[in-house]
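**Q** One structure follows; several queries about it will come next.
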Amino acid sequence: MRWSQTLIPTMKEIPADAEVPSHQLMLRAGMIRQLMAGAYTYLPLGLRALKKAEAIVREEMDAAGGIEIFMPALQPIDLFERTGRKTAFGNVLINFNVKRGDRQVHLALGPTHEEVVTDLVSKLISSYRQMPITLYQIQTKFRNEERPRFGILRTSEFLMKDAYSFHSSFESLNETYQKMYRAYCRVFSRCGLDYLPVEAESGPIGGDGSHEFMIPAANGEDQIVYCKQTGYAANCERAETGRKPPVIAASPDAKPIAKVHTPQAGSIEAVCKLLKCKPHKMVKTLIFVADGKPVAVLVRGDHEANEGKIRRALKATTLELADPDVILQVTGAPVGFAGPVGIKCPVIADHDVPLIVNAITGANEADQHYVNVNVATDYQLGTTHDLRNATGGDPSPRGEGTLELVHGIEVGHVFKLGTKYSASLDALFDDEKEFRQPIIMGCYGIGVNRILAGLAETKHDENGLIWPLAIAPYEVILSALDVTDANTLAASEALYADLKAAKVDVLLDDRDQRPGVKFKDADLIGIPLRVNVGGKGLKEGVVELKWRNEKDATKVPVADAARVIQEHLAARRIEEAARVPA
RNA sequence: CGGGGCGUAGCUCAGCUUGGCUAGAGCGCCUGGUUUGGGACCAGGAAGUCGCAGGUUCGAAUCCUGUCGCCCCGACCA
């Protein structure tokens with residue numbers, strides 16, 4: 001393609017509306033333009049990169065045994081009513097009425113396609129002999145994000161690859177899940193992303209039922225913990241910590257307990273402000289109702305209680321925060337003044353709680369707190385548990401190393417669904433013994449746009465984007481440094497023709513611009529290999545080859561240029577492929 | 001939905017506090033010329049309902065009210 005004949009509106013200045021690097025750079029590189037909050041047009045460069053990412057996803061899905069289909073973005077609302085997800089999605093589900101003759105048809109724009117695919121399969125599959133099967137599509141999804149942000153990282157309309165697998169047994173589901181997991185690793189490494197598969201909340205199936213694929217990035221919306229030494233990674237909710245129960249004993253520094261008046265100070269923040277202390281010196285006491293019985297849960301003031309862990313520690317099936325009535329019953333005080341001293345219900349504590357010497361906590365009395373509260377003297381604990389979200393600095397659960405907190409961009413998610421949708425949509429099959437049962441499902445999503453955003457976010461320098469060969473809109477940019485010079489023009493055109501003939505993905509910068517402009521633009525749009533054709537080189541009979549991610553150019557005789565460029569590209573492809581796991 | 005910020009030319013921004021001639025600059029664009037290896041220079045030119053609506057006023061980009069849009073933080077996010 002010739003630059004002069006396509007549409008690449010690069011910008012020298014940073015648009016005021018863009019804050020994060022991926023947004024700024026993709027805008028400046030002329031890849032995207034915003035239509036409204038959360039909706040972007042893909043211009044030629046952006047579209048080419050997107051298509052390359054899409055092609056990689058498709059290849060890997062096909063290789064993993066996926067079967068491609070294409071489902072409607074328009075969906076009848078009653079499908080969502082049957083699965084209860086009209087309510088679950090709430091405002092996120094874009095839905096509306098349209099008039100057809102004398103009736104109203106209530107439609108939704110698909111935020112995902114579990115309902116549609118399950119409905120389809122319920123009609124097409126009725127026997128264990130037809131499974132397993134994995135169907136996938138690459139489709140535009142619609143979600144009414146309450147707050148679209150970060151350019152194309154979070155939009156209301158986005159391209160998603162969603163795959164759904166159908167099984168007659170959990171063994172079969174596990175097998176496909178592993179295949180998909182491997183395919184995802186291949187997709188993201190082929191795209192040149194530094195990704196992290198993390199354990200995620202697993203939902204109905206439990207165990208190893210869900211992984212998210214995250215790209216560590218400063219502007220990522222999700223927080224995960226990661227241990228460099230052991231490679232353990234999980235989202236904060238899901239993550240175990242490697243902490244051990246401490247020895248529970250009174251501290252030699254313990255001071256006598258005392259009651260202080262703390263009017264209106266019912267939150268950690270308010271108490272800290274009032275008593276001029278730090279949250280980590282406080283004991284947060286939360287009253288839960290587990291299987292109908294109240295229980296007090298103790299965590300350090302600066303920590304977040306984790307309901308999943310609490311439920312497991314209590315071996316309870318249901319767990320919810322207590323309402324004010326129950327709190328008044330067990331503490332004798334309104335919300336915000338609970339504490340372990342003298343409380344009238346069972347107490348469990350996080351490992352870190354008994355380590356707080358001279359702690360501050362609620363006095364189970366309105367507007368009163370205790371200071372200098374110490375375990376073993378003022379309240380008793382038999383043992384402690386892991387009851388809170390993991391955080392930076394916690395020991396890794398794998399025995400060595402320390403967890404660090406990193407932000408990440410979620411680009412993929414694999415999930416063992418079980419029978420949630422098949423049961424509510426009557427997708428049943430007959431097994432070997434003629435028992436009719438719901439199909440077991442898995443689902444697997446990849447945000448295709450986020451592959452680009454993630455790359456832009458993590459692979460750039462002060463001059464612009466740096467695309468890997470596999471995703472770059474063009475592999476080579478041929479910069480004709482002075483198109484008014486006949487020699488330069490002739491040499492550029494000849495090389496361009498040779499490269500095109502050899503099927504090299506090349507962009508010819510044939511604009512009547514000064515070399516400086518062309519260099520800056522080439523760097524900005526991040527084409528991996530730049531070929532400079534200009535008077536200086538031609539005098540010596542050479543052109544220059546410069547990789548975007550390397551500092552120096554190499555000189556190549558004009559006559560060899562087409563061949564050497566192809567060799568360079570081949571070598572780079574091998575280099576990139578070497579990072580892809582089997 | 002709570003908090004904050006911003007809407008003036010295609011882009012970045014000045015002007016608004018203290019209302020007053022025909023609304024400015026740089027970049028980009030068009031014309032001509034000189035240039036040509038890291039965002040050139042000279043001369044000329046086109047381009048703006050000052051987000052929109054209403055109000056105050058002799059007079060509003062500027063003050064007031066409303067409204068719409070965009071960005072950021074938070075809440076939310078199968």
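The values are calculated or read from the model by the stated rules, or taken from the named source; none is laboratory data. Predicted model, so just to flag it, every value in this text is computed and none were measured. Here Cβ is always computed from backbone atoms with ideal geometry, including for glycine, and neighbour counts include all displayed protein chains. Areas reflect the complete protein model, heavy atoms only, side chains present, ligands, DNA and RNA absent. Shrake-Rupley method; radii C 1.70, N 1.55, O 1.52, S 1.80 Å.
**Q** With among the charged types (D, E, K, R), within 14 Å of RNA strand B (Cβ to nearest atom) and farther than 27 Å from A:Glu567 by Cα as the only criterion, which of A:Arg450, A:Arg530 stands out?
**A** Values: A:Arg530 fails: farther than 27 Å from A:Glu567 by Cα.
When all the criteria are applied, what remains is A:Arg450.
**Q** Moving to a separate point now. Inside the stretch A:324-369, can you point out the residues that are of a type in the set (D, E, K, R) and within 21 Å of A:His385 (Cα to Cα)? Give the steps one after another, and end with the answer.
**A** Taking the stretch A:324-369 first, the residues of a type in the set (D, E, K, R) are A:325, A:344, A:350, A:352, A:365, A:367.
Hits for the stretch A:324-369 are A:Lys344, A:Asp350, A:Asp352.
**Q** Does the stretch A:502-521 contain at least one residue that is within 15 Å of RNA strand B (Cβ to nearest atom), under 24 Å from A:Glu575 (Cα atoms) and in a helix (DSSP H, G or I)?
**A** For the stretch A:502-521, residues within 15 Å of RNA strand B (Cβ to nearest atom), under 24 Å from A:Glu575 (Cα atoms) and in a helix (DSSP H, G or I): absent.
**Q** For residues that are buried (at least 21 other Cβ atoms within 10 Å of the Cβ) and not in a helix (DSSP H, G or I), tally how many sit in the stretch A:163-183.
**A** Filtering the stretch A:163-183 down to residues buried (at least 21 other Cβ atoms within 10 Å of the Cβ) leaves A:163-168, A:173, A:176-177, A:180, A:183.
Keeping just the survivors that are not in a helix (DSSP H, G or I) gives A:163-168.
Looking only at that region, the number is 6.
**Q** Being touching a Pro at 6+ places or on another chain (Cβ under 8 Å), of a type in the set (A, V, I, L, M) and modelled with pLDDT under 95, is that true of even one residue in the stretch A:19-31?
**A** Here is the first cut: in the stretch A:19-31, the ones touching a Pro at 6+ places or on another chain (Cβ under 8 Å) are A:24, A:27-28, A:30-31.
When the remaining residues are screened for being of a type in the set (A, V, I, L, M), the result is A:27, A:31.
Those still in the list that are modelled with pLDDT under 95 too: none.
No.
**Q** Continuing with this model, one more query. What are the residue pairs meeting all of these: first residue in the stretch A:233-246, first residue closer than 17 Å to A:Leu298 by Cα, second residue assigned to a strand (DSSP E or B) and not aromatic (Phe, Trp, Tyr), Cβ atoms under 7 Å, and 6 or more apart or on different chains?
**A** Cβ pairs passing all conditions: A:Thr241/A:Pro395; A:Arg243/A:Pro395.
**Q** Determine, yes or no, whether A:Val283 is touching a residue at least 60 places away in the same chain (Cβ under 8 Å), buried (at least 22 other Cβ atoms within 10 Å of the Cβ) and within 32 Å of the chain's Cα centre (by Cα).
**A** Details: touching a residue at least 60 places away in the same chain (Cβ under 8 Å): yes; buried (at least 22 other Cβ atoms within 10 Å of the Cβ): yes; within 32 Å of the chain's Cα centre (by Cα): no.
Judged against the criteria, A:Val283 is not a match.
**Q** While we're looking at this one, here's another question. Residue by residue through the stretch A:533-543, note down the ones that are more than 6 Å from RNA strand B (Cβ to nearest atom), in contact (Cβ under 8 Å) with a residue 12 or more places away in the chain and either open to solvent by 60 Å² or more (accessible area, probe 1.4 Å) or within 14 Å of A:Leu481 (Cβ to Cβ) (or both).
**A** Matches in the stretch A:533-543: A:Val533, A:Leu538, A:Glu540, A:Val542, A:Val543.
Results for (1) over 28 Å from A:Leu193 (Cα atoms); (2) touching a residue at least 24 places away in the same chain (Cβ under 8 Å), shown as yes or no for each residue.
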{"residue": "A:Leu50", "(1), (2)": "no, yes"}
{"residue": "A:Ala63", "(1), (2)": "no, yes"}
{"residue": "A:Phe70", "(1), (2)": "no, yes"}
{"residue": "A:Gln75", "(1), (2)": "yes, yes"}
{"residue": "A:Phe80", "(1), (2)": "yes, yes"}
{"residue": "A:Lys86", "(1), (2)": "yes, no"}
{"residue": "A:Leu107", "(1), (2)": "yes, yes"}
{"residue": "A:Val116", "(1), (2)": "yes, yes"}
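**Q** Would a scan of the stretch A:544-561 turn up a residue that is over 32 Å from the mean Cα position of the chain (by Cα) and within 28 Å of A:Leu50 (Cβ to Cβ)? Can you show your working first?
**A** Going through the stretch A:544-561, the residues over 32 Å from the mean Cα position of the chain (by Cα) turn out to be A:544-546, A:551-561.
Within this subset, residues satisfying the condition of being within 28 Å of A:Leu50 (Cβ to Cβ) are A:545-546.
Checked the stretch A:544-561: at least one residue is over 32 Å from the mean Cα position of the chain (by Cα) and within 28 Å of A:Leu50 (Cβ to Cβ).
**Q** Do the conditions hold for A:Gly526, that is, is it touching a strand residue (DSSP E or B) at 6+ places or on another chain (Cβ under 8 Å) and of a type in the set (Gly, Ala, Ser)? So that I can check it myself, show each step before the final result.
**A** Details: touching a strand residue (DSSP E or B) at 6+ places or on another chain (Cβ under 8 Å): yes; of a type in the set (Gly, Ala, Ser): yes.
In short, yes.
**Q** Next question. Using the structure shown, decide if A:His261 is in contact with a Lys or Arg (Cβ under 7 Å, 6 or more places away or on another chain), open to solvent by 50 Å² or more (accessible area, probe 1.4 Å) and of a type outside the set (S, T, N, Q). Outline the logic, then answer.
**A** On the way: in contact with a Lys or Arg (Cβ under 7 Å, 6 or more places away or on another chain): no; open to solvent by 50 Å² or more (accessible area, probe 1.4 Å): yes; of a type outside the set (S, T, N, Q): yes.
Considered against the rule, which asks whether it is in contact with a Lys or Arg (Cβ under 7 Å, 6 or more places away or on another chain), open to solvent by 50 Å² or more (accessible area, probe 1.4 Å) and of a type outside the set (S, T, N, Q), A:His261 comes out as no.
**Q** So in the stretch A:129-154, with the set limited to residues that are open to solvent by less than 60 Å² (accessible area, probe 1.4 Å), at pLDDT 95 or above and out of contact with any Leu (no Cβ under 7 Å at 6 or more places or on another chain), which one is nearest to RNA strand B (Cβ to nearest atom)?
**A** A:Lys141
**Q** Can you list the strands (runs of 3 or more DSSP E) found entirely within the stretch A:6-117 that contain at least 1 residues being within 9 Å of RNA strand B (Cβ to nearest atom)?
**A** Numbers: elements: A:32-36, A:39-42, A:66-68, A:74-76, A:94-100, A:103-109.
Hits in the stretch A:6-117: A:32-36, A:39-42.
**Q** Just need a number here: residues in the stretch A:478-488 that are touching a residue at least 12 places away in the same chain (Cβ under 8 Å) and either of a type in the set (D, E, K, R) or open to solvent by 60 Å² or more (accessible area, probe 1.4 Å) (or both). Outline the logic, then answer.
**A** The initial filter retains those residues of the stretch A:478-488 that are touching a residue at least 12 places away in the same chain (Cβ under 8 Å), namely A:478-485, A:487-488.
If we keep only those that are either of a type in the set (D, E, K, R) or open to solvent by 60 Å² or more (accessible area, probe 1.4 Å) (or both) too, we end up with A:482, A:484-485, A:487.
Adding up the residues that qualify gives 4.
**Q** Kindly provide the set of residues from the stretch A:544-554 that are more than 17 Å from A:Tyr474 (Cβ to Cβ) and within 8 Å of RNA strand B (Cβ to nearest atom), ordered by number.
**A** Initial filter on the stretch A:544-554 (more than 17 Å from A:Tyr474 (Cβ to Cβ)): A:544, A:550-554.
Of everything in the stretch A:544-554, those that are more than 17 Å from A:Tyr474 (Cβ to Cβ) and within 8 Å of RNA strand B (Cβ to nearest atom) turn out to be A:Glu544, A:Ala553.
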